[in-house]
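Undergrad: One structure coming up, written as structure tokens, with questions to follow.
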Protein chains: 2
Amino acid sequence: MQEFVIGVDIGGTNTVVGLVGPRGELQTSTIDTMPRTDPSLFVSRLCKEIATLQANVPAGNTIKGIGIASPAANSQRGTIEDPANFSWGTIDIVSMIREYFDTPIAITNDGNAAALGEMEYGVAKGMRNFIVITLGTGVGSGIVVDRRLLLGQNGWAGELGHVIIEEGGRECGCGRAGCLETYISAPGICRTTIELLANKSAVSGLRDIGHKDLTAQVVCEFAKNGDGIAIEAFGIAGEILGRWLANATAIFDPEAFILFGGVVNAGEILLKPVRSSFETHLMSFYRGRVQLMASQLQKGQAGVLGASVLISRPEYFTSHEPSEFGSTLSSTG
Amino acid sequence: MQEFVIGVDIGGTNTVVGLVGPRGELQTSTIDTMPRTDPSLFVSRLCKEIATLQANVPAGNTIKGIGIASPAANSQRGTIEDPANFSWGTIDIVSMIREYFDTPIAITNDGNAAALGEMEYGVAKGMRNFIVITLGTGVGSGIVVDRRLLLGQNGWAGELGHVIIEEGGRECGCGRAGCLETYISAPGICRTTIELLANKSAVSGLRDIGHKDLTAQVVCEFAKNGDGIAIEAFGIAGEILGRWLANATAIFDPEAFILFGGVVNAGEILLKPVRSSFETHLMSFYRGRVQLMASQLQKGQAGVLGASVLISRPEYFTSHEPSEFGSTLSSTG
């Protein structure tokens, strides 16, 4: 008998559902999240999809449980709590799924799921101390200390994107100003581009693009074609991120940082200035000792793989004294 | 039979040696560190003092080991590595003491010892996740995650004082610029005072004091007597520290911060602006949930108590898989 796990990766547009085999073999399917419609309809469609995948489990084997990665996940309560761009409010998703499946169910946020995925299936295999930085519409992280996720007192730890790096800086969606996220997320890179276009006189094809059509991907294309403003925008993001990774090194003494998410598709346009700034800002005794890597997991697979690790490797996730943390893994059993 | 532990707190001027009983009862004595003389003479004097205290252990009881708190301690190697203001270079202090005492010996830095002391004997008793910030000549920290010290891959974690908060900011002893320490340590508060005296025209008794005689304690006295420049200097330090504690909250989700060390003697002159800035800069869902406390341990006792916890509570200090971390606790046994 072998154990299979269901991984679910809830995104603002799509939700990927995966059946993960004992050696990480993966079958996935995708449904529309429809974050503006009734969440109970979402759960019903999701569970139908899970049931379809479950039917593919070879006879005699079992499903060990369902792991979920979601924005605004509260792993202790088993809830999704009013994520940006969703009109679900707070939903008790673990209980809702449990009405369909009598199995252990656990949930965590995207950053933590990414870290679990890297530790079990990605470039962090075998590492004890590392930090995954997720760079997309927002900036998050999953911090692993001694092969366990850093969760904190309420399960809220790891919000590296909401460290204030500039007093009175850019307005942030969190209600404050100057958060790291406002400088190095995809929209942050666009804000820097617009600032540069305002400050500089250089010729740039970016001047022909309306702000509504300006995305980090567009800026990246221009940078790859040699546009000076675009290259500088990524250079500034890289400088800020590199400095921040040096700060995180002083705090955590990690083996590696793993960059994950859409913005990392820019490749060397981003990574070169990150690396240079990182080594410049490190305390001398760390130089050359801390790895800076890009995730190698496939887009569309990383999330479900990471979510499944919540179930297949609960020891990465639970506290050292599980009795005090029993609500993390919810089960009807 | 009851177990006693020896705690040693090495400072730049004095070294406190303590005999700690099973309920934290403490007998201490103090020797001059003499950090500019031969370190083997220091070890010889230290061990003589330990032997004297050891003679006070009631018959039939044992010494469980010797715990040491020191600047620039490397807990994995058992060394003190070229601390600022010492001319010892790197010394293998654990091996040196072991030539006198056949007992487990462990060493850690001041910040970590302070955290261990608070967890076992101080205001952090019973807490799972908290951070001690040491504010003195330098700024350090001891970070406790799930009742274990955060050590990192090389035992170097927790250098909160060397997070860069201002690119191109004040020159720091670490060779870089803009580190938190250069703004909120005792010398940092003096630097701010001098800057204010240069920038402002206000009458201030501080203008009569030479820079050599200007200490954070002097600035504090003036602040307590209503000097505007002095009050503003502490206000700026408090604002910066409060913002940083809010950042550390986003990263760690702790129950509490505990401020420890000489600068904290300023009391409300410092704590009021820290508290105000902290609550202002916190993400909204943390407001009112994270405690900000001053250490209540007695000066001269905190260090030895914390150092002794290395031996009495090795579970706070060792990794989750002690076999891979065997060098932390060195023993001849």
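Undergrad: Could you tell me whether A:GLY242 is open to solvent by 10 Å² or more (accessible area, probe 1.4 Å) and among the small types (Gly, Ala, Ser)?
TA: It is false that A:GLY242 is open to solvent by 10 Å² or more (accessible area, probe 1.4 Å) and among the small types (Gly, Ala, Ser).
Undergrad: Oh, and also: Taking into account only those residues within region A:208-226 that are polar (S, T, N, Q) and not in a helix (DSSP H, G or I), which is nearest to the other protein chains (Cβ to nearest Cβ)?
TA: This residue is A:THR215.
Undergrad: Pick from A:GLY138, A:GLY205, A:GLY168: which is open to solvent by 10 Å² or more (accessible area, probe 1.4 Å) and under 14 Å from the mean Cα position of the chain (by Cα)?
TA: The match here is A:GLY138.
Undergrad: Given the condition part of a helix (DSSP H, G or I) and surrounded by fewer than 18 Cβ atoms within 10 Å (Cβ to Cβ), answer yes or no: does some residue in region B:250-264 qualify?
TA: yes
Undergrad: Continuing with this model, one more query. Quick one: which of A:GLY161, A:GLY178 is at positive phi and either within 12 Å of another protein chain (Cβ to nearest Cβ) or crowded, with 24+ Cβ neighbours inside 10 Å (or both)?
TA: Residue meeting the stated conditions: A:GLY178.
Undergrad: Confirm whether B:ILE229 is within 14 Å of chain A (Cβ to nearest Cβ), in a helix (DSSP H, G or I) and surrounded by 19 or more Cβ atoms within 10 Å (Cβ to Cβ).
TA: Judged against the criteria, B:ILE229 is not a match.
Undergrad: So, one more: Which condition number does B:ILE311 fail, the rest of (1) more than 21 Å from B:GLY140 (Cα to Cα); (2) within 14 Å of chain A (Cβ to nearest Cβ); (3) out of contact with any Ser or Thr (no Cβ under 6 Å at 6 or more places or on another chain); (4) open to solvent by less than 20 Å² (accessible area, probe 1.4 Å) being met?
TA: Result: B:ILE311 passes all but (2).
Undergrad: Counting just the residues of region A:283-300 that are open to solvent by 20 Å² or more (accessible area, probe 1.4 Å), out of contact with any Gly (no Cβ under 7 Å at 6 or more places or on another chain) and not charged (D, E, K, R), which one comes out modelled with the lowest pLDDT?
TA: Per the criteria, the residue is A:GLY300.
Undergrad: Against the conditions (1) surrounded by 20 or more Cβ atoms within 10 Å (Cβ to Cβ); (2) facing chain A (nearest Cβ under 8 Å), where does B:ASN154 fall short? Just the number, please.
TA: Looking at each condition in turn, B:ASN154 falls short on (1).
Undergrad: Residues B:LEU241, B:LEU245: which one is under 20 Å from B:LYS272 (Cα atoms) and in contact with a strand residue (DSSP E or B) (Cβ under 6 Å, 6 or more places away or on another chain)?
TA: B:LEU245
Undergrad: Oh, and also: Among A:THR192, A:THR103, A:THR134, which is assigned to a helix (DSSP H, G or I) and more than 10 Å from chain B (Cβ to nearest Cβ)?
TA: A:THR192
Undergrad: Moving to a separate point now. Does region A:1-15 hold any residues that are open to solvent by 20 Å² or more (accessible area, probe 1.4 Å) and over 18 Å from A:THR79 (Cα atoms), and which are they?
TA: Of everything in region A:1-15, those that are open to solvent by 20 Å² or more (accessible area, probe 1.4 Å) and over 18 Å from A:THR79 (Cα atoms) turn out to be A:MET1, A:GLN2, A:GLU3, A:PHE4, A:THR13, A:ASN14.
Undergrad: Any idea which of B:SER29, B:SER70 is touching a residue at least 24 places away in the same chain (Cβ under 8 Å), within 22 Å of B:LYS299 (Cβ to Cβ), of a type in the set (S, T, N, Q) and open to solvent by less than 10 Å² (accessible area, probe 1.4 Å)?
TA: Just one listed residue meets the conditions, B:SER70.
Undergrad: When the residues of region A:177-195 are narrowed to those that are of a type in the set (A, V, I, L, M) and under 21 Å from A:GLY262 (Cβ atoms), which ends up farthest from the chain's Cα centre (by Cα)?
TA: Restricting to residues being of a type in the set (A, V, I, L, M) and under 21 Å from A:GLY262 (Cβ atoms), the top hit is A:ILE194.
Undergrad: Moving on to the next point. Taking the stated definitions as given, is B:VAL274 modelled with pLDDT of 95 or more and either within 14 Å of chain A (Cβ to nearest Cβ) or crowded, with 24+ Cβ neighbours inside 10 Å (or both)?
TA: It is true that B:VAL274 is modelled with pLDDT of 95 or more and either within 14 Å of chain A (Cβ to nearest Cβ) or crowded, with 24+ Cβ neighbours inside 10 Å (or both).
Undergrad: OK, next. Based on what the data block shows, is B:THR280 at pLDDT below 95 and of a type in the set (Val, Ile, Thr)?
TA: It is false that B:THR280 is at pLDDT below 95 and of a type in the set (Val, Ile, Thr).
The values are calculated or read from the model by the stated rules, or taken from the named source; none is laboratory data. Everything numeric in this text was worked out from a predicted model, so none of it was measured. Methodologically, a virtual Cβ is constructed for each residue, glycine included, from the backbone with ideal geometry; neighbour enumeration extends over all protein chains shown. These accessible areas exclude ligands, DNA and RNA; they are computed on the full protein's heavy atoms, side chains included. Shrake-Rupley method; radii C 1.70, N 1.55, O 1.52, S 1.80 Å.
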